[in-house]
Amino acid sequence: NAGVTQTPKFQVLKTGQSMTLQCAQDMNHEYMSWYRQDPGMGLRLIHYSVGAGITDQGEVPNGYNVSRSTTEDFPLRLLSAAPSQTSVYFCASSSTLPHSNQPQHFGDGTRLSIL
Amino acid sequence: AQKVTQAQTEISVVEKEDVTLDCVYETRDTTYYLFWYKQPPSGELVFLIRRNSFDEQNEISGRYSWNFQKSTSSFNFTITASQVVDSAVYFCALSLYNQGGKLIFGQGTELSVKP
């Protein structure tokens with residue numbers, strides 16, 4: 001049982017480059033989200049999705065794009081990488097039983113450095 | 001607006017000591033959920049506990065216990081007889097009833113347990 005799988009685990013980019021962080025889950029969870037973790041700031045929500053075809057912005061969405069074409073996958077795109085986007089990125093998923101606030105399952109993270 | 005504050009940035013204890021990690025939250029909603037996650041040095045996020053706002057019973061799980069007090073908006077976490085394997089960053093998080101899955105994290109507390 002793979003759970004939430006993130007790829008790549010590490011990535012170095014130059015300023016201005018674009019890339020996609022991949023996230024896949026095999027638990028048939030409807031809810032998926034992306035967080036970034038920065039020192040001293042905990043994790044902050046970037047974008048989330050409550051199901052295929054539905055996405056919405058979180059606390060820090062600028063510079064990121066998402067789409068949800070299938071239940072399993074929720075890629076995060078950096079359109080034009082900036083040094084301020086250097087961070088550790090976590091993808092999470094959970095079931096969406098109504099108002100159940102089920103615990104989110106997190107991937108192992110992607111450590112991204114922008115030079 | 002909602003907020004979670006973990007005032008203790010770093011705590012260092014010697015093995016077998018008891019240690020309490022503080023968490024204070026802010027919300028005007030009456031229905032919400034509180035969580036604790038552990039992030040060991042390997043980097044993954046491990047779910048520890050979820051508590052809803054209507055359940056103020058304290059919970060004990062082995063050496064771990066949680067004290068939820070709505071009167072002081074606190075959800076503190078105590079580790080009894082700490083062990084080196086408890087060394088990690090611990091995050092407290094909040095989500096609202098009608099925003100299931102959108103976690104608001106505290107800044108995290110780094111616990112170091114020395115032998």
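Points to keep in mind about this one:
- Which listed residue is among the aromatic types (Phe, Trp, Tyr) and without any contact (Cβ under 8 Å) to a residue 60 or more places away in the chain, from B:PHE47, B:PHE35: B:PHE47
- Note on region B:82-109: residues that are more than 10 Å from every other protein chain (Cβ to nearest Cβ) and open to solvent by 40 Å² or more (accessible area, probe 1.4 Å) amount to 3.
- Enumerated strands (runs of 3 or more DSSP E) restricted to region A:39-115, each holding at least 2 residues that are within 11 Å of chain B (Cβ to nearest Cβ) and out of contact with any helix residue (DSSP H, G or I) (no Cβ under 9 Å at 6 or more places or on another chain): A:43-51, A:54-57, A:87-94, A:110-114
- The set of residues in region A:1-18 that are open to solvent by 30 Å² or more (accessible area, probe 1.4 Å), of a type outside the set (S, T, N, Q) and either outside any loop (DSSP other than H, G, I, E, B) or without any contact (Cβ under 8 Å) to a residue 24 or more places away in the chain (or both) comprises A:PHE10, A:VAL12.
- Verdict on A:LEU21 being crowded, with 17+ Cβ neighbours inside 10 Å and farther than 20 Å from A:SER94 by Cβ: no
- Per the conditions (1) at pLDDT below 95; (2) surrounded by fewer than 18 Cβ atoms within 10 Å (Cβ to Cβ); (3) more than 9 Å from chain B (Cβ to nearest Cβ), the sole criterion not satisfied by A:HIS29 is (2).
- Qualifying residue in region A:89-100 (condition: in contact with a Leu (Cβ under 9 Å, 6 or more places away or on another chain) and open to solvent by 10 Å² or more (accessible area, probe 1.4 Å)): no
The values are calculated or read from the model by the stated rules, or taken from the named source; none is laboratory data. Nothing here was measured: the structure is a model prediction, and the numbers come from that model. Heads up, the Cβs are rebuilt from the backbone with ideal geometry, glycines too, and the neighbour counts pull from every protein chain shown. Accessible surface is based on the protein model in full, side chains and every heavy atom, while ligands, DNA and RNA are left aside. Shrake-Rupley method; radii C 1.70, N 1.55, O 1.52, S 1.80 Å.
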